[in-house]
Amino acid sequence: MPFVPVPKDLARVKTKVAFNLTQRQLICFGAGGLIGVPTYILTRNSIGNEASALLMIGLMLPFFLFGIYEKDGQPLEKVLGHFIRSQFLVPKVRPYRTDNMYAALERMNHHEKEVHTIAKTAGKAGKKSASRKKTAQKR
């Protein structure tokens, strides 16, 4: 009886289209080929075979990387997008302030004391003005 290995995590299984490559890989490799091969053919007479081959490799390499590289189930453009966002677009220091319950009670107690002292001084001032009114009425 033949044995066929079945992966435990089916989320990582990708459908192979042709040449044991996924659709994404075929598109990226095809785009790299469309850019690299004409570049090699057009530049090999003017700059030589070695330099032209190096130029072709340099132009095709990003397409191959975008087709093959994958980290944590995310393709390279998403990984690069997250990296650029975290390093350049979003501020590095994210202030996190907690509202400590005891600090809030302490602030409330401080405010109550302040209100109490203001009420005392207002009460004394009110008594003084009331006594002045009484003396003014007596005159």
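The values are calculated or read from the model by the stated rules, or taken from the named source; none is laboratory data. Here the structure is a predicted model, which means the values were calculated and not measured. Heads up, the Cβs are rebuilt from the backbone with ideal geometry, glycines too, and the neighbour counts pull from every protein chain shown.
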Odd one out for residue 94 among (1) exposed (fewer than 10 other Cβ atoms within 10 Å of the Cβ); (2) at pLDDT 85 or above: (2)
Set 48, 36: member being assigned by TED's automatic domain parsing to the domain that holds residue 22 and on the phi > 0 side of the Ramachandran plot: 48
Those helices (runs of 4 or more DSSP H) lying entirely in the range 19-130 with at least 3 residues farther than 30 Å from residue 9 by Cβ and of a type in the set (Gly, Ala, Ser): 23-47, 49-68
Selection within the range 72-98 - out of contact with any helix residue (DSSP H, G or I) (no Cβ under 6 Å at 6 or more places or on another chain) and closer than 19 Å to residue 24 by Cβ: 72, 73, 74, 75, 77, 78, 79, 80, 81, 82
Residue within the range 56-68 that is at pLDDT below 90 and out of contact with any Cys (no Cβ under 6 Å at 6 or more places or on another chain) present: no
